[in-house]
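The numbers here are math on the coordinates, done by the rules we state, and not lab data. The model shown is predicted, which means the values in this text are computed figures rather than measured ones. Note that we place each Cβ from the backbone using ideal geometry, even for glycine, and neighbour counts take in every protein chain shown.
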Amino acid sequence: MHKQQKDKWTEKYSKLTQSLLIVLNDYSLVKFLPLDISDEDSIQELLSVIDVTIQYGEDADVKDRFPQFADNLDDY
């Protein structure tokens, strides 16, 4: 009986599963990276990819490198 239930589920959701796999593949929603825990560059690369993926720091305030020129721009 368990096999029959599994076959019914497979039959019912086969198209959905295939569609999800296509979306995951087409939009690169899953990415695998090599990781060597003894290599600091490998860890840093992984952290960079994670930061970009979750958009870490995107909502941080922009720091003006030249504040003395910012006041002059308001006059124009």
The range 1-59: trypsin sites (Lys or Arg not before Pro) falling in loop per DSSP and having at most 16 other Cβ within 10 Å: K31
Per DSSP, loop chymotrypsin sites (Phe, Trp or Tyr not before Pro) in the range 9-67 with at most 11 further Cβ within 10 Å: Y27, F32
